[in-house]
Each structure stands twice: as C-alpha cells, then as structure tokens.
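The values are calculated or read from the model by the stated rules, or taken from the named source; none is laboratory data. Fair warning: this is a prediction, and the values are worked out from it, not measured in the lab. Note: ideal-geometry Cβ built from the backbone for every residue, glycine included; neighbour counts use all protein chains shown.
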C-alpha cells in the first residue's frame with residue numbers, strides 16, 4: 001500500500017479532484033488532525049473526531065498554495081482546525097449528546113464516507129438507513145441533536161412548509177418514492193431526516209443543478225406532497 005504525504009496526496013487531488021483523492025488527502029493529514037484533537041482534549045471523542053475530519057476536508061478544498069502566504073497544507077489545515085475548541089466545549093457541556101447518540105453519530109459519519117467511496121456520491125437519508133441498518137427516525141433524531149433545530153424553510157416559493165403544515169406521513173411517502181436527487185432536495189430544503197438545511201444556491205452547488213432545474217424539481221415535489229396529503233385526508 002502506497003503511503004502518501006500531505007503534499008503528494010494533495011497533488012493527486014489537484015490533478016483529479018474527487019472524493020477518493022480528497023479522502024486520501026485527509027488521511028495523509030492524520031497527524032495534523034490528531035494533534036488538533038489532542039490540543040482540545042478530544043482525541044477519544046467520536047463526535048469531535050467526526051467534525052475534525054469534516055473541517056479538514058473543507059480546508060483541503062479551500063487551500064490554494066498560491067494564496068496561502070507560504071503556509072503548507074498541514075499548516076493551513078491546522079489553522080482551520082482551531083475551531084474544534086468550540087466543538088469540544090459543546091461536547092463536554094451538560095447538554096452534550098448521550099453516549100449512544102455520539103456513537104451513532106460517528107457510525108453515520110464513517111458510513112457516509114464509505115458510501116461515498118463505493119458509490120461516488122453522498123447518500124441521502126434513505127440510502128444511509130439501508131446502508132447502516134439504522135431506522136430513518138433514528139438517523140433524524142441523531143442528526144437533529146447535533147444541530148440547533150432550524151426554522152422550517154420553503155420549497156423555493158413553491159411551498160412554505162410552516163404555513164401548510166405538511167403531513168410527515170405524506171413527506172415520508174414522497175421521499176421514499178422519489179429518485180436520489182429529489183430525495184436530496186427534499187432533505188436539504190426541509191430538514192427531512194435531520195439533514196442540515198441549505199439555501200437554494202448552496203443546494204444547486206451541492207447537487208450540480210441550475211436554479212431552473214432546482215425550481216422545477218421543487219415544484220414537482222411540492223405538488224406530489226400536496227396530492228398525497230389530500231389523498232390521506234380523504235381517507236380519514
């Protein structure tokens with residue numbers, strides 16, 4: 001097995017930026033990540049470990065040797081990992097996640113990485129549930145415990161969840177029956193499954209959609225949910 005330094009791994013990532021080369025680069029930065037975790041006394045905290053890997057991956061994506069003022073990749077990542085101090089404080093606070101939730105959170109983080117390695121894209125909530133064997137409700141609960149609950153967002157201008165009081169059963173049915181991209185849109189716009197909500201621009205960038213494509217898919221999803229909710233209400 002070839003051992004990569006941060007420099008050789010990053011060179012491979014620059015030449016071919018994808019999940020595989022990004023993960024290889026993050027793995028090569030293991031000593032930097034472990035040092036940052038140790039500096040905040042979180043070397044054995046699975047939740048902070050997961051956040052450290054996420055922060056490191058984001059730092060690798062943003063690193064530009066030409067604008068780094070001579071700083072190496074490891075130095076740049078180390079500077080970005082200083083924000084772990086806040087995550088460590090939250091983890092040690094009286095309101096920290098229960099141990100089981102921390103373990104489930106780390107399990108999901110690792111599963112997402114393995115799924116991306118195997119399939120080339122991030123899993124949606126349903127795919128993550130199938131992959132880990134964890135129920136969707138459990139995944140939603142753990143992910144919501146990791147973040148403050150956001151206010152309900154809209155389907156662009158197509159559907160305002162808070163105003164229409166969308167039925168969870170209708171959303172679940174439509175989510176289960178949708179394709180992968182539509183499931184991700186539903187999750188990222190409404191927070192379904194405990195997913196962190198993103199702005200329309202962020203969703204377009206993440207899913208590689210144009211604003212018009214996102215709008216059309218959002219309207220189609222909204223229509224399906226409304227139709228399903230109406231059908232459910234008629235059977236009551």
Q.
Quick check on my filter: what residues within region 116-125 are surrounded by fewer than 19 Cβ atoms within 10 Å (Cβ to Cβ) and either at negative phi or in a helix (DSSP H, G or I) (or both)?
A. 116, 117, 118, 119, 121, 122
(Q) Please go through region 141-195 and give me each residue that is assigned to a loop (DSSP other than H, G, I, E, B) and at pLDDT 80 or above, ordered by number. (A) 178, 179, 191, 195
Q: Check whether at least one residue in region 5-17 is surrounded by 19 or more Cβ atoms within 10 Å (Cβ to Cβ) and outside any helix (DSSP H, G or I), and report yes or no.
A: no
Q. So which residues in region 23-48 are modelled with pLDDT of 85 or more, out of contact with any helix residue (DSSP H, G or I) (no Cβ under 6 Å at 6 or more places or on another chain) and in a helix (DSSP H, G or I)?
A. 27, 30, 31, 34, 35, 38, 39
